[in-house]
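In what follows, a structure is listed as structure tokens, so that the remarks can point back to it.
The values are calculated or read from the model by the stated rules, or taken from the named source; none is laboratory data. Note that the structure is predicted; figures quoted are calculated from it, not measured. All Cβ positions, even for glycine, are placed from backbone atoms using ideal geometry, and neighbour counts span all protein chains on display.
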Amino acid sequence: MNQHFQLFYRMEIWPGFKTSILQYEESVMLNVDLSHKVLRTDTVLDILYDLHKQATQRGGEQAYKENAIRKLVGEIVLTRYESYNMVSIFD
């Protein structure tokens, strides 16, 4: 049951849970926590296209590069090739 729900434009939620089994005093404790991820569905390429469109309207290629660095460096993206991996963007 791995369903993804579309929240609104460019967002979706991935439901999930985390479990742990611990010894508590004389017995065993099972802990189940709900853990959902809210994800943007627009791609890095979409963001770059939007930034480029804004920069060309204002007439600055240097502003495009600065805005792209400011917007994307430090963000975590989900790669869809091979398997789903979370990757952080540097430089």
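Residue-wise test of (1) at pLDDT below 90; (2) of a type in the set (D, E).
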site: L22; (1), (2): no, no
site: E25; (1), (2): yes, yes
site: L30; (1), (2): no, no
site: S35; (1), (2): no, no
site: L39; (1), (2): yes, no
site: L45; (1), (2): no, no
site: A55; (1), (2): yes, no
site: R58; (1), (2): yes, no
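Residues of the range 28-61 that are touching a Phe, Trp or Tyr at 6+ places or on another chain (Cβ under 9 Å), farther than 30 Å from G16 by Cβ and surrounded by 13 or more Cβ atoms within 10 Å (Cβ to Cβ): L51, H52, Q54, A55. Reported count of residues in the range 7-60, each being among the β-branched types (V, I, T), over 21 Å from T79 (Cα atoms) and outside the structural domain of I76 (by TED's automatic domain parsing), is 4.
For E26, the criteria (1) closer than 19 Å to D91 by Cα; (2) without any contact (Cβ under 8 Å) to a residue 12 or more places away in the chain hold in every case but one, which is (1). Considering the range 1-20, and only residues there that are farther than 17 Å from R40 by Cα and modelled with pLDDT under 85, the residue that is surrounded by the most Cβ atoms within 10 Å (Cβ to Cβ) turns out to be N2.
Restricted to the range 39-91, and to residues there that are among the polar types (S, T, N, Q) and in a helix (DSSP H, G or I), the residue that is farthest from I13 (Cα to Cα) is Q62. Of the residues Y84, Y64, the single one that is surrounded by 13 or more Cβ atoms within 10 Å (Cβ to Cβ), free of Cβ contacts under 8 Å to residues at least 24 places away in the same chain and among the hydroxyl-bearing types (S, T, Y) is Y64.
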